[in-house]
Amino acid sequence: MAKDYYEILGVNKSASKDEIKKAFYKLAHKYHPDKKEGDEKKFKEVNEAYQTLSDDSKRQKYDQFGAGFENMGGGQGYGQGFGGFDFSGFANGFQNGGAGADFDFGNLNDIFSDFFGGGRPQARRGRDISTEMQISFSESIFGVTRRFLMTKNSLCLQCNGAGGKPNSKMDTCKRCNGQGKIHETKRSILGTISTTKACEDCLGSGKVYAEKCSECRGNGVIRKEEEVVVAVPSGIRDGEMIRMSGMGEAIAKGTTGDLYIKIHVKPHPVFKREGPNLVMNLDIKLSEALLGADKNIETLDGEIKVKIPDGVSINEILRVKGRGVPVSGSRRGDLLIKVNINMPKKLNRKTRDLVEKLQEEGI
C-alpha cells in the first residue's frame with residue numbers, strides 16, 4: 001500500500017503548516033532512536049512524511065499523485081515508477097510448483113524501485129539526533145548562547161574519517177575488485193532484473209586501506225563526548241525546535257546528520273508573552289488612580305518609571321513602547337501594563353467622612 005503521510009503524522013488533509021510542524025516535532029521526539037522507547041523505523045517514516053508535507057510544491061504533487069511522485073519522469077505514463085503499488089501479493093499465485101515457481105519473489109517493491117530509477121547511488125547520511133534545553137523567560141526574549149556536552153558518533157580525528165591508519169597505503173578492494181560497485185541480478189515474474197549498488201566495503205571508492213586506523217578501527221567514526229555550542233535566537237517560544245545542520249551523528253564517507261534541540265521556556269512570575277508584546281499586571285491604590293502617580297517598575301531591561309494618569313480605570317492598559325519582544329533588527333514589541341486598583345476593604349471614620357463628602361459633590 002502507498003504511504004499515507006497525513007495518517008503517519010496524525011493530521012487531516014486540510015492541516016496547516018503549523019499543525020504539520022507541531023505533529024512532526026511531537027512524533028520525532030517520541031520515536032527518536034536515541035530515546036529508550038524510540039523506534040528508528042517510525043522516526044524515518046515521520047521524517048519522510050514531514051519533508052514532503054512541509055514543502056508546498058512536494059505536498060501539491062503528493063496530493064495529486066501520492067507517494068513516489070519524486071520519481072516521475074514524464075515518460076510513457078510510468079508515473080510513480082511503481083512506487084505506489086505493492087507487488088508482494090503476486091507471489092501467492094505462484095506457489096506449489098505453479099508458473100514462475102523458480103523465481104525469487106523477495107521484495108518486489110525493491111526490485112521495481114531499483115529498475116525504474118532507484119539504482120542511482122544514494123548519498124550516505126548520519127542519523128539525526130535530538131535533545132532538550134530549558135532556558136529562562138528573559139533568555140527566550142533576548143536570546144542566549146549555551147554550551148553543553150553530548151555523546152554521539154563523531155568523525156575520527158586521527159584519520160579524519162577515512163578509516164585508515166595515517167600514511168597507510170591503499171589496496172584494491174577485494175569485494176568489488178576495485179570497481180567500487182556491485183552488480184546484482186534478481187529473477188522475477190517480469191524476467192531478470194540487474195541492478196548496481198555501491199560496494200559496502202570501500203563505499204564506492206574501489207580502494208581500502210591496508211591498515212585500519214587504531215583509534216576508530218576502520219569505522220571512520222568514533223563515539224565520544226563532544227561540546228555543542230548553540231545560539232538560541234531572541235524571541236523563541238516554548239516548545240520550538242532549533243535545528244543545527246551537520247551536528248548530528250557522523251557517518252564514514254557521508255554527510256553528518258542534524259541535531260534538533262527542543263526549547264522549554266521557564267514561566268516568569270510577572271511577565272507573559274502575547275505575540276510581540278509583554279504583558280504584566282500592576283496594582284495601584286485608589287488614591288493613585290484618582291490623583292495619578294509615578295511608579296517604578298522592574299522590567300526585563302531594568303527599572304523604568306511609569307506615569308499613572310489621574311482618573312485611570314480598572315483594567316486599563318498602559319503601553320510602554322519598545323520594551324517587548326525583539327521582532328526584527330532593533331525593532332521590538334511593547335510592554336502592556338494592565339492596571340488593577342486595590343480597593344480598601346475597611347475605612348476609618350475620617351476617610352469615610354471624606355468619601356461621603358465626595359459623594360455629595362457627585363464624584
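What follows is calculated from the coordinates using simple rules that are stated; it is not laboratory data. What you see is a predicted model; the values in this text were computed from it and never measured. Cβ placement follows ideal geometry from the backbone for every residue including glycine, while neighbour counts extend to all protein chains displayed.
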According to a simple spin-label model (label point 7 Å from Cα along Cα-to-Cβ), what is the distance in nm between Asp4 and Lys42? 1.7
In nanometres, what is the gap between the two model label sites at Asp56 and Lys26, each 7 Å from Cα along Cα-to-Cβ? 2.6
When the Karplus curve 6.51 cos²θ - 1.76 cosθ + 1.60 is applied with θ = phi - 60°, which whole-Hz ³J(HN,Hα) does each residue of segment 213-228 get, with x for Gly and Pro? 5, 6, 7, 9, 6, x, 7, x, 10, 9, 7, 7, 7, 10, 7, 10
Estimated vicinal HN-Hα couplings, Hz - segment 258-269 in sequence order (Karplus 6.51, -1.76, 1.60; Gly, Pro = x): 10, 10, 10, 10, 8, 9, 10, 9, 6, x, 9, x
By average C-beta atoms within 10 angstrom, highest first, the peptides 286-295, 332-341, 166-175: 332-341, 286-295, 166-175
Using 0.36 nm per residue, how much length does the chain from Lys285 to Ser136 gain when fully extended, once their Cα-Cα distance is taken away? 50.5 nm
Kindly state, to the nearest 0.05, the FRET efficiency for Gln359 paired with Lys305, given R0 = 30 Å and r defined as their beta-carbon distance. 0.35
What list of ³J(HN,Hα) couplings, whole Hz, do you get for segment 275-292 from phi and the Karplus terms 6.51, -1.76, 1.60, once you set θ to phi - 60° and write x for glycine and proline? x, x, 9, 9, 10, 9, 9, 10, 8, 10, 7, 4, 5, 5, 5, 7, 9, x
Express in nm, to one decimal, how much length is gained between Ser14 and Lys272 on full extension, taking 0.36 nm for each residue of separation and deducting their alpha carbon distance. 89.7 nm
Could you pull out every residue, at least 5 positions away or on a different chain, whose amide H is within less than 5 Å of the one on Val221? Hs are placed 1.01 Å off N in the peptide plane, and Pro or chain starts have none. Cys156
For segment 161-292, just run the numbers: alpha carbon Rg, then divide by 2.2 N^0.38 Å, N being how many residues it has. 2.07
Send over the semi-axes of segment 226-363's equivalent ellipsoid, whole angstrom and largest first, taken as the square roots of 5 times the C-alpha gyration tensor eigenvalues. 51, 14, 10
